[in-house]
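A.B. asks: Before anything else, here's the structure in question.
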Amino acid sequence: MTHRTTRPTCSVRPRSAADLPACVRILAEVHDRDGYPVNWPARPADWLAAGDGTAMGIGAWVAELDGRVAGHVALSRPADDDLAARIWRERNGSEPAVVGRLFVSPAARGHRIGAGLLRHVTAEARRLGRHPVLDVVASDTAAIALYERAGWRLLTTTTQRWSPERTVTIHCYAAPTP
């Protein structure tokens, strides 16, 4: 007798306000396990909602695994202090979009959800005529491995002072050119 297992169904869709509680819960799990985000936001739902298409945000998406939120990503216009965006602009003369707030539930890992979210947000940036870039803390080796497997190029490595007590090493990446 042959035993078949069905692979879970993954999909990516625009994030809605109703998704924020699940996203905050998953973000807390990721923070506890992986230390992302490095500085836990005082209002995590507001931190995530920054990518909802208002102000600097272009959009935000969630990944679902068998109908339940399992991951998140956002795309935004560059802020004045976005180093990866500034480097991209200086080297290429074109306008970038910043990928951020990318995380996957620890319980849902191993289903290529992070790669799917990254592909989706990259395609969305390109659809808008922008080149995707991002910053990542050097200690986040799993995220760095994801970006490098996807062909993202390292633009630079630098240190940033995030507070009087904390200096972090940051890698700036750009998506591969199509």
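The values are calculated or read from the model by the stated rules, or taken from the named source; none is laboratory data. Remember, predicted model here, so these are calculated numbers, not experimental data. Backbone-built Cβ (ideal geometry, glycine too); neighbour counts: all protein chains shown. Ligands, DNA and RNA are excluded from the accessible area calculation, which covers all protein heavy atoms including side chains. Shrake-Rupley method; radii C 1.70, N 1.55, O 1.52, S 1.80 Å.
A.B. asks: Is it true that some residue in the range 114-125 is assigned to a loop (DSSP other than H, G, I, E, B) and either touching a helix residue (DSSP H, G or I) at 6+ places or on another chain (Cβ under 9 Å) or closer than 24 Å to HIS31 by Cβ (or both)?
C.D. replies: no
A.B. asks: Across the range 143-176, what is the number of residues that are among the aliphatic types (A, V, I, L, M) and open to solvent by 60 Å² or more (accessible area, probe 1.4 Å)? I'd like the intermediate steps shown before the answer.
C.D. replies: Going through the range 143-176, the residues among the aliphatic types (A, V, I, L, M) turn out to be 143-146, 150, 154-155, 168, 170, 174-175.
Pick out the ones that are also open to solvent by 60 Å² or more (accessible area, probe 1.4 Å) and you get 154.
Final tally of qualifying residues: 1.
A.B. asks: Now for a different question. Working only within the range 9-40, note down all residues that are under 16 Å from ALA108 (Cβ atoms), open to solvent by 40 Å² or more (accessible area, probe 1.4 Å) and in contact with a strand residue (DSSP E or B) (Cβ under 7 Å, 6 or more places away or on another chain).
C.D. replies: CYS10, SER11, VAL12, ARG13, TYR36 - these are the residues of the range 9-40 that are under 16 Å from ALA108 (Cβ atoms), open to solvent by 40 Å² or more (accessible area, probe 1.4 Å) and in contact with a strand residue (DSSP E or B) (Cβ under 7 Å, 6 or more places away or on another chain).
A.B. asks: Right, another one. With the requirement that a residue be hydrophobic (A, V, I, L, M, F, W, C) and open to solvent by 20 Å² or more (accessible area, probe 1.4 Å), what does the range 116-142 give you? Steps first, answer last, please.
C.D. replies: Residues of the range 116-142 hydrophobic (A, V, I, L, M, F, W, C): 117-118, 121, 123, 125, 128, 133-134, 136-138, 142.
Hits for the range 116-142 are ALA123, LEU128, VAL137, ALA138, ALA142.
A.B. asks: Taking the range 127-178 on its own, how many of its residues are of a type in the set (D, E, K, R), within 17 Å of GLY100 (Cα to Cα) and assigned to a helix (DSSP H, G or I)?
C.D. replies: 1
A.B. asks: Given the residues ALA108, ALA97, ALA79, ALA143, which is the only one that is aliphatic (A, V, I, L, M), modelled with pLDDT under 95 and farther than 19 Å from ALA28 by Cα?
C.D. replies: Every option except ALA79 fails the conditions.
A.B. asks: Applying the selection to the range 41-73, what residues are under 16 Å from VAL30 (Cα atoms), modelled with pLDDT of 95 or more and within 14 Å of the chain's Cα centre (by Cα)?
C.D. replies: Matches in the range 41-73: VAL62, ALA63, ALA70, GLY71, HIS72, VAL73.
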